[in-house]
Amino acid sequence: MEQQRAAIVHIAETLISQLDLLNDARERALAVTRQITRLSANAVRATHRGERDVARSLLAEAGNLKDALTADLQAFPALYWSGYVQDAYKEYAEAHITAALIAGDPVPTPEALGVEPAVYLNALGEAAGELRRYILDCIRLGELARAEQALAIMDEIYGMLVQVDYPDAVTNGLRRTTDMVRGVLERTRGDLTLAVEQQKLSEALARAQEALQRTVTSAT
């Protein structure tokens, strides 16, 4: 009986020690993922403002934190695969992809970003959503050719995502992201189509006005 009691005490002490380590790792992960998410969001904002150097600096800082966290969680796979860690990595990947798409740079691969396939695919979908903001900015600036190029990229992303047909448990809810991209794509295509038609109308009116002016000038 005494041996059994001693064994139970030893087991309890061991488990409590392991849980202490797990809890400490969880607290560190929560703090770091919040930083990664904040830095990534700020990088996206900097990208939309055209502050590429600022965006690169923020992403470099977020990347260092992500790599350190990944190493820290090697002994705690349950924490690594937890929702809040993978969500932070998605935000990081989204910021990188958005920056590349807007700058016209090569799109980073999942391996280069150090993220899982499902995380990357969801990040790609979110980046397509960010392209809508970029396209609307282009429309306001009258840069419709750039807007059409970005819309083509959005369409390509949607075309790829819609082919991924696996359960949500495998893709981390990619169907919802894909549905979001479809809706954003349709609205953006409508906005750009309207802008193109308005531009054509403005150009036609300008040509008509010039022709009328030439007629009046020649008549006098």
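The values are calculated or read from the model by the stated rules, or taken from the named source; none is laboratory data. Computed from a prediction, not measured in an experiment: that's the story for all the values here. A quick note on method: Cβ atoms are made from the backbone with ideal geometry, for glycine too, and the neighbour counts reach across all protein chains shown. Heavy atoms of the whole protein, side chains included, go into the accessibility calculation; ligands, DNA and RNA do not. Shrake-Rupley method; radii C 1.70, N 1.55, O 1.52, S 1.80 Å.
Can you name the number of the only condition in (1) open to solvent by less than 80 Å² (accessible area, probe 1.4 Å); (2) within 29 Å of ASP87 (Cβ to Cβ) that GLN199 fails?
(2)
For the stretch 153-165, give me each residue that is open to solvent by 60 Å² or more (accessible area, probe 1.4 Å) and more than 14 Å from VAL107 (Cβ to Cβ).
Within the stretch 153-165, ASP155, VAL162, GLN163, ASP165 meet the criteria.
List the residue pairs whose Cβ atoms are under 7 Å apart, where the first residue sits in the stretch 175-187 and is surrounded by 15 or more Cβ atoms within 10 Å (Cβ to Cβ), the second is outside any helix (DSSP H, G or I), and the two are 6 or more positions apart or on different chains.
THR178/VAL162
Going by the conditions given, is LEU19 in contact (Cβ under 8 Å) with a residue 12 or more places away in the chain and either open to solvent by less than 70 Å² (accessible area, probe 1.4 Å) or hydrophobic (A, V, I, L, M, F, W, C) (or both)?
Spelling it out, it is not the case that LEU19 is in contact (Cβ under 8 Å) with a residue 12 or more places away in the chain and either open to solvent by less than 70 Å² (accessible area, probe 1.4 Å) or hydrophobic (A, V, I, L, M, F, W, C) (or both).
For ALA147, indicate whether it is more than 19 Å from LEU174 (Cβ to Cβ), touching a residue at least 24 places away in the same chain (Cβ under 8 Å), assigned to a loop (DSSP other than H, G, I, E, B) and among the hydrophobic types (A, V, I, L, M, F, W, C).
Criteria not met by ALA147.
May I ask you to list pairs of residues, at least six apart or on different chains, whose Cβ atoms are under 9 Å apart, with the first in the stretch 95-121 being more than 21 Å from ASP155 (Cβ to Cβ) and the second being crowded, with 20+ Cβ neighbours inside 10 Å and acidic (Asp, Glu)?
ALA95/GLU130
Any residue in the stretch 134-143 that is without any contact (Cβ under 8 Å) to a residue 40 or more places away in the chain, of a type outside the set (Gly, Ala, Ser) and not in a loop (DSSP other than H, G, I, E, B)?
Yes, the conditions are met somewhere in the stretch 134-143.
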